[in-house]
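What follows is one structure encoded as structure tokens, with my remarks underneath.
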Amino acid sequence: MTGKDDIALIEEERPLEALPLDAWHRAQGARMVGFAGYHMPIQYEGIMAEHSWTREHAGLFDVSHMGQITFSDEVGGAQVDEALELLLPSDIKGLKHFRQRYSMLLDQDGGILDDLMVSRPGDGAFDGAAIYMVVNGATKYDDMGWMIEHLPDDIVMNHMADQALLALQGPEAGDVLASLLPATADLLFMQSGPFIWNDIALWISRSGYTGEDGFEISVPADAVESLTQALCALPQVKPIGLGARDSLRLEAGLPLYGHDLTPAVSTIGADLGFAIQKRRREEGGFIGHGRIVKELADGPGTKRVGLKIEGRLPAREGASIYAGDVLVGEVTSGGFAPSVGAPIAMGWVSLPHAALDTALEIEVRGKRIAAVVAPMPFVPHRYRRKA
């Protein structure tokens, strides 16, 4: 969970942009901080309360700082698929209409430049775009620059700066959204599609970053307040800030780019090999493939692991991890987990110390605290999948 020191680190000195819902957040009493170049709500009534509400009911997150991008060509998407398979390690050609996949941008050495979601909208949505992509807010301009550098000139990339993005998350999210849009009840995890609400075109995917069932909703920025008000008028829904979003995703074992994922780390070590389908592993042809092949064969030197911590003192990002007197890794995310009732962390450790139940120590405030390598997620995922 985000503490005072972490909040101070989030706050930035450079000029910050306002989200389309900025005034609405402030009217709800949100505490605003700088994050990814924007004024963002970190909490409304308190991180613990907002975390628990999302686990029990439905929380609404404003994630409009994220980058929404479409890709088009003149021949029905075939060129887009070919071009993006150079940049992404995932199977784009095999991505069906109204489906989405988790993927990554890799650099030439196989380091992770960003993690992202990629979808195939189907005819008509997003002006007939072949692919719709959502990238992290803090890296979106770097991502677009990297893609422009490596995409053919005949691929049209459009940054959808006039779109906002909401995430409705929690066990009651499905019933909530179905009360406004009944057809969304048919969506399963990682399915998506176009919907119309009050004559407003929406793009909705059944996905999110809390481990709970939920949806991400792309909505025109000039209509996002009316949709937000309609959702928050329902008794199951409350607005939720960045603080609870971070504690929720940590309990769900989901890595955060810029912390758990960076250009210094690899896809295989990050335990994200599921995003590289069999055909892509075998055929290659994407930037960074050489490192993937090597680590699949030989194993990575370090691995992302979950850590359960003894006692009540949380370990924060940057804390050193030891096996005896040997430094073996570093915490990349950590805090108190409300649903677990104890501090947890995520970190990178050398491969010989990455096995489950390995006893380790973390240095916190000048003293060592006991920790053990634990399976992730710490709280079971509750995505709505096909039976």
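Each reported figure results from applying straightforward, stated rules to the coordinates on display, with no laboratory input. From a predicted model like this one, the values you see are computed outputs, not experimental measurements. Cβ atoms come from the backbone with ideal geometry, glycine included; neighbour counts cover every protein chain shown.
Please list, or write none, the lysines whose alpha carbon is within less than 29 Å of the alpha carbon of Lys238, excluding same-chain residues fewer than 8 places away.
Lys4, Lys140, Lys386
Within the chain, what is the longest stretch that has no GluC sites (Glu not before Pro) placed in a DSSP loop and near at most 14 other beta-carbon atoms within 10 Å? List each step's numbers first, then the result.
Details: sites that count: Glu11, Glu12, Glu13, Glu74, Glu310.
After excluding every exposed loop site, the longest remaining stretch is 75-309.
Using the Cα gyration tensor of the chain, with a ≥ b ≥ c the square roots of its eigenvalues, what is the shape: rounded (a/c below 1.5), prolate (a/b larger than b/c) or oblate (neither)? Present the calculation step by step, with values, prior to reporting the outcome.
Details: a/c = 1.71, a/b = 1.14, b/c = 1.51.
Verdict is oblate for the chain.
Run the dipole for region 301-387 about the Cα centre, Lys and Arg Cβ at +1, Asp and Glu Cβ at -1, nothing else charged, and hand back the magnitude in debye, nearest 20.
Numbers: 12 positive and 7 negative charges, 126 e Å.
My answer is approximately 600 debye.
Pop out the ³J(HN,Hα) list for region 221-237 in order, Karplus 6.51 cos²θ - 1.76 cosθ + 1.60 with θ = phi - 60°, rounded to Hz; leave Gly and Pro as x.
Computed from phi, the couplings for region 221-237 are 4, 6, 10, 5, 5, 5, 5, 4, 5, 5, 5, 6, 6, 7, x, 7, 10 Hz.
For the residue pair Ala342 and Ser320, what label-to-label distance in nm results when each label sits 7 Å from Cα along the Cα-to-beta-carbon direction?
2.5
Using θ = phi - 60° and the Karplus curve 6.51 cos²θ - 1.76 cosθ + 1.60, what whole-Hz ³J(HN,Hα) does each residue of region 129-140 get, with Gly and Pro shown as x?
Per residue, the Karplus-derived 3J(HN,Hα) values read 4, 6, 9, 10, 10, 10, 10, 5, x, 5, 10, 4 Hz.
For region 301-387, rounded, prolate or oblate, judged on the Cα gyration tensor with a ≥ b ≥ c (square roots of eigenvalues), a/c < 1.5 rounded, else prolate if a/b > b/c?
On the way: a/c = 2.34, a/b = 1.47, b/c = 1.60.
Oblate shape, in that a/c is at least 1.5 and b/c is the bigger or equal ratio.
Between Asp107 and Lys93, what length in nm is gained on full extension when 0.36 nm per residue of separation is reduced by their alpha carbon distance? Show your work: numbers first, answer last.
Working: separation 14, 0.36 × 14 = 5.04 nm, distance 2.10 nm.
Gain in length upon complete extension: 2.9 nm.
Which of Ala233, Ala223, Ala252 moves the most in a Gaussian network model of the chain with Cα springs under 10 Å?
Highest fluctuation among the options: Ala233.
In terms of modelled amide H atoms, which long-range or inter-chain residues lie less than 5 Å from the amide H of Gly122?
Result for Gly122 returns Phe98.
What distance in nm separates the simple spin-label points at Ile200 and Met144, each placed 7 Å from Cα in the Cβ direction?
So the label points at Ile200 and Met144 sit 2.3 nm apart.
How large is Rg/Rh for region 78-158, to two decimals, with Cα atoms and a Kirkwood Rh? Numbers along the way, then the final one.
Numbers: Rg = 12.1 Å, Rh = 13.0 Å.
Expressed as Rg/Rh, it is 0.93.
Taking the simple approach of a point 7 Å from Cα along Cα-to-Cβ for both Ser226 and Ala264, what is their distance in nm?
Output for this residue pair reads 4.8 nm.
Going by amide H atoms built from the backbone, whose H comes under 5 Å of the H on Gln191, apart from near neighbours?
Amide H neighbours of Gln191, under 5 Å, 5+ apart: Arg206.
May I ask for the distance between the Cα centers of region 295-317 and region 190-257, given as a whole number of Å?
Result: 29 Å between the Cα centres.
Mean residue ellipticity at 222 nm from the helices of the chain, using -39,500 (n - 2.57) per DSSP H segment of n ≥ 4 over the full residue count, to the nearest 500 deg cm²/dmol? The partial results should precede the final answer.
Working: 10 runs with 87 residues, N = 387.
Counting only the DSSP helices, I get -6500 deg cm²/dmol.
When the dipole is taken about the Cα centre of the chain, and only Lys, Arg (+1) and Asp, Glu (-1) are charged at their Cβ, what size is it in debye, to the nearest 20? Spell out each step's value before the answer.
On the way: 33 positive and 53 negative charges, 280 e Å.
Roughly 1340 debye, rounded to the nearest 20.
Among Met376, Ile155, Ala230, which residue has its Cα positioned farthest towards the positive end of the charge dipole of the chain, with +1 placed on the Cβ of Lys and Arg, -1 on the Cβ of Asp and Glu, and the dipole taken about the Cα centre?
The one lying farthest along the dipole's positive direction is Met376.
Multiply the residue separation of Glu82 and Arg382 by 0.36 nm, subtract the distance between their alpha-carbon atoms, and state the gained length in nm to one decimal. Walk me through the numbers on the way to the answer.
Values: separation 300, 0.36 × 300 = 108.00 nm, distance 3.40 nm.
Here the segment from Glu82 to Arg382 would lengthen by 104.6 nm.
Of all trypsin sites (Lys or Arg not before Pro) in region 298-329, which ones are in loop regions per DSSP and have a Cβ with at most 10 other Cβ atoms within 10 Å? Mind showing how you got there, number by number?
On the way: sites: Lys303, Arg304, Lys308, Arg312, Arg316; in loops: Arg312, Arg316.
Of the trypsin sites (Lys or Arg not before Pro), the ones in loops of region 298-329 whose Cβ has at most 10 other Cβ atoms within 10 Å are Arg312.
Calculate, in nm to one decimal, what Arg26 and Asp123 gain on full extension: separation in residues at 0.36 nm each, minus their alpha carbon distance. List each step's numbers first, then the result.
Details: separation 97, 0.36 × 97 = 34.92 nm, distance 3.85 nm.
The Arg26-Asp123 span can extend by a further 31.1 nm.
Once the Cβ-Cβ distance between His159 and Arg281 is put in as r, and R0 is 30 Å, what FRET efficiency do you end up with, to the nearest 0.05? Before the final figure, lay out each step's value.
Numbers: r = 31 Å, r/R0 = 1.03.
For His159 and Arg281, the calculated efficiency is 0.45.
Cross-link partners among aspartates and glutamates for Lys308, C-alpha distance below 19 Å, same-chain residues fewer than 8 apart left out?
Filter leaves Asp246, Glu251, Asp260, Asp271, Glu317, Glu330, Asp357, Glu361, Glu363.
What is the calculated FRET efficiency for Ala18 to Glu363, with r their C-beta to C-beta distance and R₀ = 41 Å, to the nearest 0.05? Numbers along the way, then the final one.
On the way: r = 40 Å, r/R0 = 0.97.
For Ala18 and Glu363, the calculated efficiency is 0.55.
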